[in-house]
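The values are calculated or read from the model by the stated rules, or taken from the named source; none is laboratory data. Because the structure is a prediction, the values reported are computed rather than measured. Neighbour counts run over all protein chains shown; Cβ positions are idealised from the backbone, glycine included. Accessible surface is based on the protein model in full, side chains and every heavy atom, while ligands, DNA and RNA are left aside. Shrake-Rupley method; radii C 1.70, N 1.55, O 1.52, S 1.80 Å.
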Amino acid sequence: SAKSGGRGAYRFFEPEFDELMHARRNLERDMRDALVGRQFELHYQPFVSAATGETCGFEALLRWHHPQRGLVLPGEFIPLAEETGLIVPLGEWVLRTACAEAATWPTSVRIAVNLSPAQFRSKELVPVIVGALASSGLAPHRLELEVTETVIMHDCEAVFAVLAQLRELGVQIALDDFGTGYSSLSFLQRFPFDKVKIDRSFVDELSGVRAEARHLARAVVRFAGSLGKTTTAEGVETKEQLDILREEGCIETQGYYFSRPMPASDIARMLRRDEAAVRAA
Ligand code: C2E
Ligand code: MG
Ligand code: MG
Ligand code: MG
């Protein structure tokens, strides 16, 4: 493929417009087949208490096992799924699968599911979530919905109304990727959420020698705290980052330092091991 030559290894012809459209149509067709052919899978990445290291929950992350291309990550297909509306049935599958899986975990463990702006525009979102909770038997407070600020770019009032309905159900709302885009502290004040997730790009900058990044993390944690909201830092890769976040009062942390996203079967095994450890203690 064009990519295998490595970036800048040699020049390619600029793809023609119809060639791009052709690739898009193929991807779209493959995605539709994938939903029917059960090629999608959820992996789960834990988020843990910064203070105790206990597992608080898992974020569901979509994976596509493409018959020819192998493992495809969401960055490669979510944007087109969004544009074509396929994210609506795909997102419903994610919600139902994630809730059903989480219902088998200890009741102290939550599940976080990412939502796209198109799902908010579909009008089906609230009934789909009610359905996923009802059919799985999962308690609403164990479900966290992760949304980025891009959800409010279209119809702010309508989205705020849906978010309010969801919180009324007892579901938690997490503002994902905070610190990217236009997010500001004043935005946090207006947005109806329960948790803010500090973006990986912030966490990347955290180290003993970078005081500014630490001050930014502190400001977000304190401001969220003053509003009665909780904070998660994503993309924690080092002990040093974890130590700084803990010192600054961040409540939960998530990242490769603890674990990569894993298949459901690994989670079940991990939780059984944790339970055994608790019983033995
Ligand atoms: P996100 O929700 O911000 O998820 C975090 C991403 O960072 C995940 O990438 C995760 O694998 C990765 N990550 C976690 N810890 C680390 C770390 O320590 N270092 C680094 N370098 N990366 C880390 P992934 O799975 O490729 O997902 C990318 C994005 O795709 C997600 O960003 C989310 O916006 C979207 N996405 C994933 N699953 C779904 C889904 O079911 N529905 C929707 N609408 N979007 C999804
Ligand atoms: Mg997320
Ligand atoms: Mg995120
Ligand atoms: Mg992110």
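Results, tabulated for the structure shown:
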read-out: Subset of the stretch 179-199 [hydroxyl-bearing (Ser, Thr, Tyr) and more than 11 Å from residue 148 (Cα to Cα)]; value: 184, 186
read-out: Test: residue in the stretch 92-105 that is over 28 Å from residue 36 (Cα atoms), of a type outside the set (Phe, Trp, Tyr) and either in a loop (DSSP other than H, G, I, E, B) or open to solvent by less than 50 Å² (accessible area, probe 1.4 Å) (or both); value: no
read-out: Subset of the stretch 51-91 that is surrounded by 14 or more Cβ atoms within 10 Å (Cβ to Cβ) and small (Gly, Ala, Ser) - its residue that is nearest to the chain's Cα centre (by Cα); value: 60
read-out: Pick from the stretch 230-247, criterion open to solvent by less than 10 Å² (accessible area, probe 1.4 Å) and of a type in the set (Ser, Thr, Tyr), ranking: nearest to residue 57 (Cα to Cα); value: 232
read-out: Looking only at the stretch 147-196, and only at residues there that are within 14 Å of ligand 1 (Cβ to nearest atom) and open to solvent by 40 Å² or more (accessible area, probe 1.4 Å), the one that is farthest from residue 118 (Cα to Cα); value: 180
read-out: Single residue of 28, 16 found to be open to solvent by less than 60 Å² (accessible area, probe 1.4 Å), of a type in the set (D, E, K, R) and over 26 Å from residue 142 (Cα atoms); value: 28
read-out: So residue 89, is it touching a residue at least 60 places away in the same chain (Cβ under 8 Å) and under 24 Å from residue 145 (Cβ atoms); value: no
read-out: Count of the stretch 147-173 residues which are modelled with pLDDT of 95 or more, part of a loop (DSSP other than H, G, I, E, B) and β-branched (Val, Ile, Thr); value: 1
read-out: Selection from the stretch 1-49 of residues that are over 30 Å from residue 251 (Cβ atoms), at pLDDT 90 or above and outside any helix (DSSP H, G or I); value: 37, 38, 39, 40
read-out: Residue pairs meeting the criteria (Cβ under 7 Å; at least 6 apart or on separate chains; first closer than 17 Å to residue 108 by Cβ, in the stretch 30-50; second among the aromatic types (Phe, Trp, Tyr) and surrounded by fewer than 17 Cβ atoms within 10 Å (Cβ to Cβ)); value: 46/258; 48/258
read-out: Residue, farthest from the chain's Cα centre (by Cα), within the stretch 119-143, restricted to residues that are surrounded by fewer than 21 Cβ atoms within 10 Å (Cβ to Cβ) and of a type in the set (A, V, I, L, M); value: 134
